[in-house]
Amino acid sequence: MADPRFFNVSGSFKLAQLALIAEASLSEGTDPGKLFTDVQPLTSAGPDHISFLDNKGYLQEFSKTRAGACIIDPSFAANAPPGIALLFTKKPYHAYARIAHHFYPNVAAKPISRSHPLISTNAIIANTVCIEPGAVVGEKAEIGNNTRIGANSTIGPGVRIGDDCKIDGNVTLQYCLLGNRVIIHAGARIGQDGFGFALGKESHLKVPQLGRVIIGDNVEIGANTTIDRGTGPDTIIGSGCKIDNLVQIAHNVCLGNGCIIVSQVGISGSTELGNYVMAGGQAGLTGHLKIGDGAQIAAQSGVMRNIRTGEKVGGSPAKPLRNWLKEVAAIERFVSKRKVY
Amino acid sequence: MADPRFFNVSGSFKLAQLALIAEASLSEGTDPGKLFTDVQPLTSAGPDHISFLDNKGYLQEFSKTRAGACIIDPSFAANAPPGIALLFTKKPYHAYARIAHHFYPNVAAKPISRSHPLISTNAIIANTVCIEPGAVVGEKAEIGNNTRIGANSTIGPGVRIGDDCKIDGNVTLQYCLLGNRVIIHAGARIGQDGFGFALGKESHLKVPQLGRVIIGDNVEIGANTTIDRGTGPDTIIGSGCKIDNLVQIAHNVCLGNGCIIVSQVGISGSTELGNYVMAGGQAGLTGHLKIGDGAQIAAQSGVMRNIRTGEKVGGSPAKPLRNWLKEVAAIERFVSKRKVY
Amino acid sequence: MADPRFFNVSGSFKLAQLALIAEASLSEGTDPGKLFTDVQPLTSAGPDHISFLDNKGYLQEFSKTRAGACIIDPSFAANAPPGIALLFTKKPYHAYARIAHHFYPNVAAKPISRSHPLISTNAIIANTVCIEPGAVVGEKAEIGNNTRIGANSTIGPGVRIGDDCKIDGNVTLQYCLLGNRVIIHAGARIGQDGFGFALGKESHLKVPQLGRVIIGDNVEIGANTTIDRGTGPDTIIGSGCKIDNLVQIAHNVCLGNGCIIVSQVGISGSTELGNYVMAGGQAGLTGHLKIGDGAQIAAQSGVMRNIRTGEKVGGSPAKPLRNWLKEVAAIERFVSKRKVY
């Protein structure tokens, strides 16, 4: 069971109900009325628990699991331990997510008195907002229904946050407008001045940053990630984007919808990503590039040119993924041969 | 216009006055008395707006702009759309910065009551300081005139901050002395213990970190950047340095004046940079190096040896930039030839 | 002397006593009763100060030092300036650390009133705890003896922190259990949701993260580092691990004991490190890997496969260190030859 210090599991559920939620079909001969009390990983699950297999690398753990039920792709059924109930689906990870949400639903945050001195009397705050202790809300900021503002976070003047958002602790938001169902993790910084200087030999002149950060719906932004506001145009994060921890997004960057940006990626100023672009961990992109829809950038790549729709790239400087892998292999062969002589 | 939620534009200005501020000369036949109401990017500017062109990549946007005036290098005059007023200068970006500051001057922060329990009664705070809600100021800290301390920031005991500084929200300062006109962005951490351990097989022994961080005048430090204090010697950031977001600067590092350190760079302990060194995004430098004045380090470089004055390097391990680019090209040719056979 | 704004040096000590603490032997002819007032770096030390030499690169500074005494490896005795007292040991850096701790002992934090509205009345807080201003402590959190919670930090509900821990300012802890003598530097984020999504063409489905972060004893975690909680299994940081600034540790990662993780490293989900693994700055590890005890990963490496016990790797993609260095040299020779033609 998830640690009850932190998580409250909701009642037992019948297998048939869970299969329905998961959009999965039950294996033959299983009892649809059997009660399950929790979700659990393969290695720690017991007879009352439901688990899942999504990665071939864990087939061995699957074949030995003591779980009472498991969500799997039908093609792995032969590896199942005897007696286990199987929930078949082509998308076991999605199915698991839905069932786990059912066992551990989001708990409505408790509204907390908003008459304390850290909250501007001019802020426009819906009645159902939860503002945790130590959070500061600036003048004319607007906060929508059911949104939670975490402890010691700072919401700058004029910032607008939509409905059903979760701003975690120690976050800083300024010069930004957020959609609905946005999650901002602890320590993220959104809307500060970008790195804009007119460089000189004697000194560097600061350029006023007059834009904002515009964030769509259903966006998630990781812990200690930084997103600078635009210089005049805005910095834009499209709906459904998921951004991991410690990512840097510079001024005027535009992300389309549904992009996946893994930890420690850096995107330089004015670069535009299409929809559903994926960037692996620690990749870096220089400024003023255009990255097409569905492009995939391997971890640690250094992207210095535009990327076409659907193109996959790797290496630093980045090139088509096939070419990069070929180069890596060719160098290895070339050097190992030279060893012989 | 910049979003009035966040920015207050100051009155209209005559073109002649703006040209003077910009140190630019007006194109022939323009009306020096024409009023302009705002700065705007090329693509969104209208007849009452002044814009700028600083990057050849945007020549097409320039040729189509509806801006009433534009700051450009004279060599691009032929691309101007009909009827536009041109402000000629060899440094359009500097000129734009000056005009943008004129339309959007820094607003003096309002001093806020300093008699609340989060501020030590022993702190020495100038009368014109603005301390935002939730900020904590430790014993004997000193804060100069017109400095602003952002919400939920933590200023440790004994820290000294000069005049006209802006410390943004959720910052932590400890064991450090700051000059005048220093800007520290949200979430930066300055002065914590460096990563100093005497390594052992059984355990690692912590080494006391007895130095400080000394920061000159006109320095800007990015969001969530970390600068560790010295071990005994100090960590030093020279005047005029501009450091981007998520940069790591280890103990005893010395930066000369006017260095430009782009996002996610890491500089290891005791490495010394001269004046006006530039380090591109995600570059890494090992410890105990000496980097000469004006050296330029390409993005994602891995610097493992000293760099001479004015030298340009790239690659990992880093080498002279020309050699690195030659290697990249040679490998590509070598591998693509092998495809043929 | 270390800046008295920040550090209090404790009394003078006799050389014999310091040699004892350092587990070092005195050079012949030195006065064991001579008093020393402070530790100092080689370049700034005077006759009343004790210094150390641990890195050959500083032999010249050693030969010119005005320090009254110096801790060194006996093999460097010939380079000593005349009249200096020498403390011989095979581990000068360890010896220095012990002596520096003796001059600058940890000061017990002053307990601060805990009856303010930011601390839950249900939290279980030992009497000797120091909670600085602005810190928020959630329901049923437990804090052990002599632990200090820094200003503006946020301790989530149910979090357990052991004895003698130091949580610095502006930290966020949630869904985590900490051992004893743990140091968490400013701005670290521990226990937030991991980056867990079931990816889709239309949208990405969030997967509940039901595990915790479990941190052993004597762990140190750097400024603005992020450690995500497990998905169901826990994220585990073994005792004695030292983690630098701006490191990313994803969900379900396990670190054995005594690992050294340098700044800006990223470790992807479910990767397991053995004991005493070392990862250099900016290295990246993909997910689901197994890294053997004592493995060493060079800075900026990109690790995409399992690493055996004691293996040293470098490069991206990472390979045995020797092979990588050989490749680097071979490419350089190959390209420089081609210059000739």
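Can you name every residue in region C:195-236 that is aliphatic (A, V, I, L, M), closer than 27 Å to B:Ile155 by Cβ and not in a loop (DSSP other than H, G, I, E, B)?
C:Ile221, C:Ile227
Could you list, in sequence order, the residues of region A:160-181 that are among the acidic types (Asp, Glu) and buried (at least 24 other Cβ atoms within 10 Å of the Cβ)?
Once the filter is applied, which keeps residues that are among the acidic types (Asp, Glu) and buried (at least 24 other Cβ atoms within 10 Å of the Cβ), region A:160-181 yields only A:Asp168.
Could you tell me which residue of region C:207-217 is nearest to C:Gly287 (Cα to Cα), considering only residues that are more than 9 Å from chain A (Cβ to nearest Cβ) and touching a strand residue (DSSP E or B) at 6+ places or on another chain (Cβ under 7 Å)?
Top of the filtered list is C:Val213.
Against the definition (in a loop (DSSP other than H, G, I, E, B), over 23 Å from C:Ala299 (Cα atoms) and not basic (Lys, Arg)), how does B:Gly269 come out, yes or no?
Against the criterion (in a loop (DSSP other than H, G, I, E, B), over 23 Å from C:Ala299 (Cα atoms) and not basic (Lys, Arg)), B:Gly269 does not qualify.
Could you tell me whether any residue of region B:146-158 is assigned to a loop (DSSP other than H, G, I, E, B), of a type in the set (D, E, K, R) and open to solvent by 10 Å² or more (accessible area, probe 1.4 Å)?
No.
Provide a single number: the residues in region A:272-281 that are open to solvent by 10 Å² or more (accessible area, probe 1.4 Å), in contact with a strand residue (DSSP E or B) (Cβ under 7 Å, 6 or more places away or on another chain) and in a loop (DSSP other than H, G, I, E, B).
Residues in region A:272-281 being open to solvent by 10 Å² or more (accessible area, probe 1.4 Å), in contact with a strand residue (DSSP E or B) (Cβ under 7 Å, 6 or more places away or on another chain) and in a loop (DSSP other than H, G, I, E, B): 3 in total.
Any residue at all in region C:282-292 that is within 19 Å of the chain's Cα centre (by Cα) and assigned to a loop (DSSP other than H, G, I, E, B)?
Checking region C:282-292: at least one residue is within 19 Å of the chain's Cα centre (by Cα) and assigned to a loop (DSSP other than H, G, I, E, B).
Name the residue that is farthest from the chain's Cα centre (by Cα), counting only residues in region C:250-264 that are open to solvent by less than 20 Å² (accessible area, probe 1.4 Å) and more than 9 Å from chain A (Cβ to nearest Cβ).
Filtering region C:250-264 for residues that are open to solvent by less than 20 Å² (accessible area, probe 1.4 Å) and more than 9 Å from chain A (Cβ to nearest Cβ), the one farthest from the chain's Cα centre (by Cα) comes out as C:Val253.
Would you point out the residue of region B:131-144, among those that are at pLDDT below 95 and surrounded by fewer than 21 Cβ atoms within 10 Å (Cβ to Cβ), that is nearest to C:Thr172 (Cα to Cα)?
B:Glu139
Can you tell me which of B:Arg181, B:Arg212, B:Arg229 is in the same structural domain as B:Ile260 (by TED's automatic domain parsing) and in contact (Cβ under 8 Å) with a residue 40 or more places away in the chain?
Every option except B:Arg229 fails the conditions.
Consider region A:147-158. How many of its residues are more than 8 Å from chain B (Cβ to nearest Cβ) and either of a type in the set (Val, Ile, Thr) or out of contact with any Cys (no Cβ under 8 Å at 6 or more places or on another chain) (or both)?
Selection size over region A:147-158: 5.
Tell me, which residue of region C:69-83 that is farther than 18 Å from C:Arg98 by Cα and not hydrophobic (A, V, I, L, M, F, W, C) is farthest from the other protein chains (Cβ to nearest Cβ)?
Applying the filter and picking the extreme gives C:Pro82.
Quick one: what pairs do we get from region C:73-89, first residue within 10 Å of C:Ser63 (Cβ to Cβ), second of a type in the set (Lys, Arg) and in a helix (DSSP H, G or I), C-beta under 9 Å, 6+ apart or different chains?
What qualifies is C:Phe76/C:Lys56; C:Pro81/C:Lys64.
Looking at region C:186-194, can you tell me whether even one residue there is assigned to a loop (DSSP other than H, G, I, E, B), under 21 Å from the mean Cα position of the chain (by Cα) and touching a residue at least 40 places away in the same chain (Cβ under 8 Å)?
Looking through region C:186-194, none of the residues is assigned to a loop (DSSP other than H, G, I, E, B), under 21 Å from the mean Cα position of the chain (by Cα) and touching a residue at least 40 places away in the same chain (Cβ under 8 Å).
Can you pull out the residues in region A:299-341 that are surrounded by 14 or more Cβ atoms within 10 Å (Cβ to Cβ), assigned to a helix (DSSP H, G or I) and either more than 10 Å from every other protein chain (Cβ to nearest Cβ) or hydroxyl-bearing (Ser, Thr, Tyr) (or both)?
Result: A:Leu321, single match.
Quick one: which of B:Glu139, B:Glu202 is more than 25 Å from A:Val136 (Cα to Cα) and more than 23 Å from the chain's Cα centre (by Cα)?
B:Glu202
Can you tell me how many residues within region A:169-206 are of a type in the set (Lys, Arg) and closer than 22 Å to B:Val171 by Cβ?
Qualifying residue count, region A:169-206: 2.
Looking only at region B:3-22, how many residues end up being closer than 23 Å to A:Asp193 by Cα, touching a Phe, Trp or Tyr at 6+ places or on another chain (Cβ under 7 Å) and either open to solvent by less than 50 Å² (accessible area, probe 1.4 Å) or among the small types (Gly, Ala, Ser) (or both)?
Final tally of qualifying residues: 3.
Just give me the residues in region A:197-230 being out of contact with any Gly (no Cβ under 6 Å at 6 or more places or on another chain), surrounded by 24 or more Cβ atoms within 10 Å (Cβ to Cβ) and closer than 16 Å to B:Gly222 by Cβ, in sequence order.
Matches in region A:197-230: A:Thr225, A:Thr226, A:Ile227.
Going through region B:218-249 one residue at a time, which ones are at the interface with another protein chain (Cβ under 7 Å from one of its Cβ atoms) and β-branched (Val, Ile, Thr)?
B:Thr226
Return only the number of the condition from (1) assigned to a strand (DSSP E or B); (2) under 21 Å from C:Gly222 (Cα atoms) that C:Gln264 does not satisfy.
(1)
The values are calculated or read from the model by the stated rules, or taken from the named source; none is laboratory data. Note that the coordinates shown come from a computational prediction; the quantities given were computed from them, not determined experimentally. Note: ideal-geometry Cβ built from the backbone for every residue, glycine included; neighbour counts use all protein chains shown. With ligands, DNA and RNA removed, areas are computed over all heavy atoms of the protein, side chains included. Shrake-Rupley method; radii C 1.70, N 1.55, O 1.52, S 1.80 Å.
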